[in-house]
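The values are calculated or read from the model by the stated rules, or taken from the named source; none is laboratory data. Computed from a predicted structure; not experimentally measured. A quick note on method: Cβ atoms are made from the backbone with ideal geometry, for glycine too, and the neighbour counts reach across all protein chains shown.
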Amino acid sequence: MKHSLATAYSKADKKEARWDGLFIVFEGIDGTGKSSQLKRLGEILDQGGYPFISTREPSDGPFGTRLRELFYSREQLSSQEELQLFIDDRKDHLARTILPALNNGIVVLCDRYFLSTVAYQGATGHFSVEQLLAENSFAPVPDIALLLSAPVPACLQRITVGRNEKPNDFEQQLFLEKAHAIFATLEFPWLKKIDCSRSIDDVTGEIEKHIQPLLMQRYQKESAL
Ligand code: TYD
């Protein structure tokens, strides 16, 4: 975690910004390479001297930890109980980690946020997109959400072969197909869709292109990265 440089930057667009930092979210189904891209963006920010933290949902707080324990046995909870845990986790994560960092001028890189709830809990078939967005209306929209997308078989291949892991209950093919389809329907001005079936470097390059102007605007530096 890096807090020390926060005050070195003056705040841009004072009237409109909801915080001094920059809230960058990575979204997409499992196996899109979003965690690796998040890590790469962190390295780039580091080189540029930007203060940042990397975090994730489910978070490492009490609700998120409980959710991770249930990854291989989702049937222990009803869909409603599971949704409630994701919501409780998000509230806790915002209060404990995300908002304090943003209010301190720090860039927050977050691996998954409320669109994951929309896509994954939507994929259970128990909730509509509208319902899930409404359940998340307490959550401030990020400055930008990068939605990494690639065909599901390629993503599954990365999970099983690349990581040598057994897919968890959220990662079964049919379920991922549904989550992928829901992600594809989402449109917001702050949501950027990125084809991640290209090379890792090309994807990082596109991510940089999206982030650069936001950094320049928020931190008023002449060149961002
Ligand atoms: P993931 O990013 O895959 O964690 P890890 O890389 O540590 O395995 O996220 C964990 C799973 O949680 C993922 O399969 C999607 C699921 N999830 C939801 O179903 N709803 C949500 O709101 C979030 C944040 C995640």
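Test LEU67 against the criterion of being more than 10 Å from the ligand (Cβ to nearest atom) and outside any loop (DSSP other than H, G, I, E, B), and give yes or no. Full working, then the answer.
Details: more than 10 Å from the ligand (Cβ to nearest atom): no; outside any loop (DSSP other than H, G, I, E, B): yes.
For LEU67, the condition - more than 10 Å from the ligand (Cβ to nearest atom) and outside any loop (DSSP other than H, G, I, E, B) - is not met.
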task: Among residues belonging to the stretch 107-127 that are β-branched (Val, Ile, Thr) and either farther than 18 Å from LEU45 by Cβ or out of contact with any strand residue (DSSP E or B) (no Cβ under 6 Å at 6 or more places or on another chain) (or both), point out the one that is surrounded by the most Cβ atoms within 10 Å (Cβ to Cβ).
output: VAL118
statement: Subset of the stretch 75-97, residues over 20 Å from LEU133 (Cβ atoms) and either near the ligand (Cβ under 9 Å from one of its atoms) or of a type in the set (Ser, Thr, Tyr) (or both), comes to SER78, THR97
query: In the set ILE159, ILE194, ILE200, ILE144, which member is touching an Asp or Glu at 6+ places or on another chain (Cβ under 9 Å) and more than 16 Å from the ligand (Cβ to nearest atom)?
result: ILE194
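Kindly indicate the residue of the stretch 103-126 that is part of a strand (DSSP E or B) and among the β-branched types (Val, Ile, Thr) and also farthest from THR32 (Cα to Cα) among those meeting that condition.
Our first condition is that a residue be part of a strand (DSSP E or B); within the stretch 103-126, this holds for 107-111.
Filter once more, so that each one left must be among the β-branched types (Val, Ile, Thr): 107-108.
Working: VAL107: 22, VAL108: 20 Å.
This residue is VAL107.
Is it fair to say LEU146 is part of a strand (DSSP E or B) and either aromatic (Phe, Trp, Tyr) or surrounded by 17 or more Cβ atoms within 10 Å (Cβ to Cβ) (or both)?
When the stated conditions are applied, LEU146 passes them.
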field: Where a residue in the stretch 61-85 is of a type in the set (Val, Ile, Thr) and its partner, wherever it lies, is within 12 Å of the ligand (Cβ to nearest atom), with Cβ under 8 Å and at least six apart
entry: THR65/PRO58
- request: For ARG74, work out the one condition from (1) within 26 Å of ILE200 (Cα to Cα); (2) among the basic types (Lys, Arg); (3) surrounded by fewer than 22 Cβ atoms within 10 Å (Cβ to Cβ) it doesn't fulfil.
  value: (1)
- request: Starting from the stretch 161-181, take each residue that is over 16 Å from SER73 (Cβ atoms) and list its partners that are at pLDDT below 70, counting only C-beta distances under 9 angstrom and pairs at least six apart or across chains.
  value: GLN173/PRO167; LEU176/PRO167; LEU176/PHE170; ALA179/PHE170
So ASP92, is it of a type in the set (Asp, Glu) and over 14 Å from the mean Cα position of the chain (by Cα): yes
- prompt: If you go through the stretch 35-52, how many residues are near the ligand (Cβ under 9 Å from one of its atoms) and surrounded by 22 or more Cβ atoms within 10 Å (Cβ to Cβ)?
  reply: 0
statement: The residue from THR32, THR55 that alone is within 16 Å of the ligand (Cβ to nearest atom) and at pLDDT below 95 is THR32
message: Residue pairs, Cβ under 6 Å, 6 or more apart or interchain, first in the stretch 109-130 and near the ligand (Cβ under 8 Å from one of its atoms), second assigned to a strand (DSSP E or B) and of a type outside the set (Asp, Glu). List them.
response: ASP111/PHE26; ASP111/ARG56; TYR113/VAL25
